[in-house]
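**Q** Mind looking over this structure? Questions follow.
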Amino acid sequence: MTDLTAQISNFSQTLELCSKEILVQLAQQSSWDSRYRTIMLLGKKLPNLNQEMKSDSALVQGCESNVWLHFQWHNNHLQLAASSDAKIVKGLIAIVLAAYNNKTREEILSFDIEGYFQQLQLSKNLSPSRTNGLFSIVKTIQAAAR
Amino acid sequence: MSIKQQFPFFSNNPDIVYLDSAATTQKPNSVIEAITQFYTHSNANAHRGNYTTANEVTTKYEAIRNKVAHFIHAPSPQDIIWTKGTTDAINLLAKAWGDHNINPGDYIVVLGSEHHANFVPWQQLAKAKQANFKTVNILPDGSPDLEHYELLLRSNPKLVAIQHCSNALGNIQPVHHLLSLARDTGATTLVDGAQAIAHIPVNVSDLGCDFYVFSAHKMYGPMGLGVLYISNKVKQNIQPYQFGGEMIERVSIEETLFRPIPALLETGTQNISAIFGLSAAIDFIESSIFQYALKNKTQLFQYLIDELKKINEVQLFGNTEKNIGVASFKVLEESTADVSALLSEQNIAIRTGHHCAMPLMQALKVDGTHRVSLGIYNDKTDVDRFISALKSAIELLN
């Protein structure tokens, strides 16, 4: 096991995020600013990436901020490690990882990501559209599962 | 009636605080009506038919060319060429002028703060021609380093291509001085006036430049139309870059005789409805209500800068004294993506990023900035709503 493999594995296993809980948590927020506060708090739950993991080769294209994404398969489950230097984007990454981390190919491909984001009631500029980096992250993960 | 009420965009979008006029301005009713009028009443091609409607369109079309010439103080309407926009005009010049005048070893000089549109075409031309592409160093306030400029002029550049105003910072560059020094070396000169045209009077005769370019859509006119001014003395150095109808005197199987500029560079049907719209935009800019509002805009810009300076976390870029009404800033310790998302959530329309001026961002040592750009319709409420939204964003991110 290389260092990086171990680091991704470690990141993935320490993530304690559940998409259903996130939905409940965000639904309780009544104002736009409390929703954002909740998103940023979710971002804080992501373990820190070390310098090695913040390599240029891990950068996701098409993001306004720096987004790093690593993934690998472990016992038929996708291990994910990702982060961003932007707080809101980091929170959104946590939301995406909650849906996909440590899931099987079948679970990843059958997950309704658009419905998930609709339920989160985020504004258009936060949902995974072609114009923000979230779209690239989701596409990369889905492609990995195919 | 306030000037804002002349812009239907605002009544259709009462919640939006539009502070992105450097990207494109909103359009007043008069411009929208002129375009509609053209299609509903006068739609015919210019310089083609010989029936009444076509003749009327041709007459008006040429009268607008004359109006544009007056607007920028060009000696003759024959110096005005229609293009698709500023970018199109510069690319046109890189072909129609550059291909025939830039030789191996020649020098091309641009400012380090240029928009990519006045940077990449010349960089690529230099590469293709084995010529030298040089950029003038930029001082911390975004203005050109004049000592470095004079040093570069010693290479006797073939072309000096400079921005009138910075799109990323709003700086009004010292173009008179830069042009006068360039002229002394015999260089051909180009001024990118895209950001200047709606804000400051432009006088190409006084500037003494060989080329001046701008877009209609940044001066309250329609998209898809640009203007290229070509001084008489460089016309002989220009060759056609596209071929087709209307540019030719006579065609036979053996050869083709071309018509002079402007026809030489205007083959195919032009964007006539937009040209009619531009005419209305010039009337709007020359109206007394606009000129009065322009003075208010200067005060509003000062207010915006003062309010931004009161926020400790804000770092301002550019020269805010000689400026067309652009505040370029960054929130310290925060990602521009975060600030931008939170402003957008509060219906604040501004631009965030490198503003198509990556070499300038590199010189300023930032990845990008937030750019607030004022238009003639902005008022104190807009600035107040923006400042309050920015404060909320900063508070939320802390």
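The values are calculated or read from the model by the stated rules, or taken from the named source; none is laboratory data. Given the structure is predicted, the values throughout are model-derived calculations rather than measurements. Because the Cβ atoms are built from the backbone with ideal geometry, glycine has one as well, and the counts that use them run over all protein chains shown. Quick note on the areas: whole protein, heavy atoms, side chains included, nothing else; ligands and nucleic acids left out. Shrake-Rupley method; radii C 1.70, N 1.55, O 1.52, S 1.80 Å.
**Q** Given the conditions (1) within 25 Å of residue B:4 (Cβ to Cβ); (2) of a type in the set (Asp, Glu); (3) open to solvent by less than 10 Å² (accessible area, probe 1.4 Å), and given that residue B:345 satisfies all but one, which numbered condition is not satisfied?
**A** The single condition residue B:345 does not satisfy is (3).
**Q** Shifting gears a bit: How about the stretch B:321-353: which of its residues are without any contact (Cβ under 8 Å) to a residue 40 or more places away in the chain and closer than 22 Å to residue B:375 by Cα? Talk me through it step by step, then tell me what you get.
**A** Let us first name the residues in the stretch B:321-353 that are without any contact (Cβ under 8 Å) to a residue 40 or more places away in the chain, namely B:321, B:332-333, B:335-337, B:340-341, B:344-345, B:352-353.
Across the stretch B:321-353, the qualifying residues are B:321, B:340, B:344, B:345, B:352, B:353.
Every residue, every condition in (1) under 23 Å from residue A:116 (Cβ atoms); (2) buried (at least 17 other Cβ atoms within 10 Å of the Cβ); (3) within 11 Å of the chain's Cα centre (by Cα), yes or no:
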{"position": "A:20", "(1), (2), (3)": "yes, no, no"}
{"position": "A:29", "(1), (2), (3)": "yes, no, no"}
{"position": "A:34", "(1), (2), (3)": "yes, no, no"}
{"position": "A:43", "(1), (2), (3)": "yes, yes, yes"}
{"position": "A:63", "(1), (2), (3)": "yes, yes, no"}
{"position": "A:97", "(1), (2), (3)": "yes, yes, yes"}
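**Q** May I pose another question? Please pick out the residue among B:208, B:277, B:268 that is within 17 Å of residue B:46 (Cβ to Cβ) and surrounded by fewer than 18 Cβ atoms within 10 Å (Cβ to Cβ). Before you say what the answer is, go through the steps one by one.
**A** Working: B:208 fails: within 17 Å of residue B:46 (Cβ to Cβ); B:277 fails: surrounded by fewer than 18 Cβ atoms within 10 Å (Cβ to Cβ).
The conditions single out B:268.
**Q** Have a look at B:34, B:46, B:23 and point out the one that is open to solvent by less than 60 Å² (accessible area, probe 1.4 Å) and in contact with a Gly (Cβ under 8 Å, 6 or more places away or on another chain).
**A** On the way: B:46 fails: in contact with a Gly (Cβ under 8 Å, 6 or more places away or on another chain); B:23 fails: in contact with a Gly (Cβ under 8 Å, 6 or more places away or on another chain).
Within the list B:34, B:46, B:23, the selection yields B:34.
**Q** Now, a different point. Could you tell me whether the stretch B:196-206 includes any residue that is more than 29 Å from residue B:373 (Cβ to Cβ), of a type in the set (A, V, I, L, M) and touching a residue at least 60 places away in the same chain (Cβ under 8 Å)?
**A** Narrowing the stretch B:196-206 to residues more than 29 Å from residue B:373 (Cβ to Cβ): none.
Scanning the stretch B:196-206 turns up no residue that is more than 29 Å from residue B:373 (Cβ to Cβ), of a type in the set (A, V, I, L, M) and touching a residue at least 60 places away in the same chain (Cβ under 8 Å).
**Q** Say we look at the stretch B:98-137 and pick out the residues that are touching a residue at least 24 places away in the same chain (Cβ under 8 Å), charged (D, E, K, R) and under 29 Å from residue B:353 (Cβ atoms); which of these is surrounded by the most Cβ atoms within 10 Å (Cβ to Cβ)?
**A** First, pick out the residues of the stretch B:98-137 that are touching a residue at least 24 places away in the same chain (Cβ under 8 Å): B:98-119, B:121-122, B:124-126, B:129-137.
Narrowing further to those that are charged (D, E, K, R): B:99, B:106, B:114, B:129, B:134.
Next, from what is left, pick out any that are under 29 Å from residue B:353 (Cβ atoms): B:114, B:134.
Working: B:114: 27, B:134: 20.
Of everything passing the filter in the stretch B:98-137, B:114 is surrounded by the most Cβ atoms within 10 Å (Cβ to Cβ).
**Q** Can you work out which of the residues in the stretch B:174-205 that are open to solvent by 20 Å² or more (accessible area, probe 1.4 Å) and in a helix (DSSP H, G or I) is nearest to residue B:65 (Cα to Cα)?
**A** Step by step, filter the stretch B:174-205, then rank; the result is B:205.
**Q** For the stretch B:138-163, enumerate the residues that are closer than 30 Å to residue B:20 by Cβ and open to solvent by 10 Å² or more (accessible area, probe 1.4 Å).
**A** Within the stretch B:138-163, B:138, B:139, B:140, B:141, B:143, B:145 qualify.
**Q** Residue check, residue B:220 against (1) among the aromatic types (Phe, Trp, Tyr); (2) open to solvent by 40 Å² or more (accessible area, probe 1.4 Å); (3) in contact (Cβ under 8 Å) with a residue 40 or more places away in the chain, all met but one. Which one?
**A** Going through the list (1) among the aromatic types (Phe, Trp, Tyr); (2) open to solvent by 40 Å² or more (accessible area, probe 1.4 Å); (3) in contact (Cβ under 8 Å) with a residue 40 or more places away in the chain, residue B:220 breaks only (2).
**Q** Hey, another quick one. I'd like the full set of residues that are under 13 Å from residue B:387 (Cα atoms) and either open to solvent by less than 20 Å² (accessible area, probe 1.4 Å) or without any contact (Cβ under 8 Å) to a residue 24 or more places away in the chain (or both), limited to the stretch B:301-311.
**A** Narrowing the stretch B:301-311 to residues under 13 Å from residue B:387 (Cα atoms): B:301, B:303-311.
Passing the criteria: B:301, B:304, B:305, B:306, B:308, B:309, B:310, B:311.
**Q** Given the structure, is residue B:286 more than 26 Å from residue B:81 (Cβ to Cβ) and either open to solvent by 20 Å² or more (accessible area, probe 1.4 Å) or more than 20 Å from the chain's Cα centre (by Cα) (or both)? Explain how you work it out, then say what you get.
**A** On the way: more than 26 Å from residue B:81 (Cβ to Cβ): no; either open to solvent by 20 Å² or more (accessible area, probe 1.4 Å) or more than 20 Å from the chain's Cα centre (by Cα) (or both): yes.
Against the criterion (more than 26 Å from residue B:81 (Cβ to Cβ) and either open to solvent by 20 Å² or more (accessible area, probe 1.4 Å) or more than 20 Å from the chain's Cα centre (by Cα) (or both)), residue B:286 does not qualify.
**Q** For residue B:282, state whether it is touching a helix residue (DSSP H, G or I) at 6+ places or on another chain (Cβ under 8 Å), closer than 30 Å to residue B:173 by Cα and among the aliphatic types (A, V, I, L, M).
**A** Working: touching a helix residue (DSSP H, G or I) at 6+ places or on another chain (Cβ under 8 Å): yes; closer than 30 Å to residue B:173 by Cα: yes; among the aliphatic types (A, V, I, L, M): yes.
Against the criterion (touching a helix residue (DSSP H, G or I) at 6+ places or on another chain (Cβ under 8 Å), closer than 30 Å to residue B:173 by Cα and among the aliphatic types (A, V, I, L, M)), residue B:282 qualifies.
**Q** Collect the residues in the stretch A:29-74 that are more than 13 Å from chain B (Cβ to nearest Cβ) and part of a helix (DSSP H, G or I), keeping them in residue-number order.
**A** A:42, A:56, A:57, A:58
**Q** How about the stretch A:75-94: which of its residues are open to solvent by less than 10 Å² (accessible area, probe 1.4 Å) and more than 14 Å from chain B (Cβ to nearest Cβ)?
**A** A:78, A:79, A:80, A:81, A:82, A:94
For every residue, the table says whether it meets (1) surrounded by 16 or more Cβ atoms within 10 Å (Cβ to Cβ); (2) more than 13 Å from residue B:276 (Cα to Cα).
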{"residue": "B:14", "(1), (2)": "no, yes"}
{"residue": "B:18", "(1), (2)": "yes, yes"}
{"residue": "B:30", "(1), (2)": "yes, no"}
{"residue": "B:39", "(1), (2)": "no, no"}
{"residue": "B:52", "(1), (2)": "no, yes"}
{"residue": "B:60", "(1), (2)": "yes, no"}
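**Q** Kindly indicate which of A:14, A:38, A:2, A:104 is in contact with a His (Cβ under 9 Å, 6 or more places away or on another chain) and either under 28 Å from residue B:351 (Cα atoms) or surrounded by fewer than 16 Cβ atoms within 10 Å (Cβ to Cβ) (or both).
**A** Working: A:14 fails: in contact with a His (Cβ under 9 Å, 6 or more places away or on another chain); A:38 fails: in contact with a His (Cβ under 9 Å, 6 or more places away or on another chain); A:2 fails: in contact with a His (Cβ under 9 Å, 6 or more places away or on another chain).
From the options A:14, A:38, A:2, A:104, the qualifying one is A:104.
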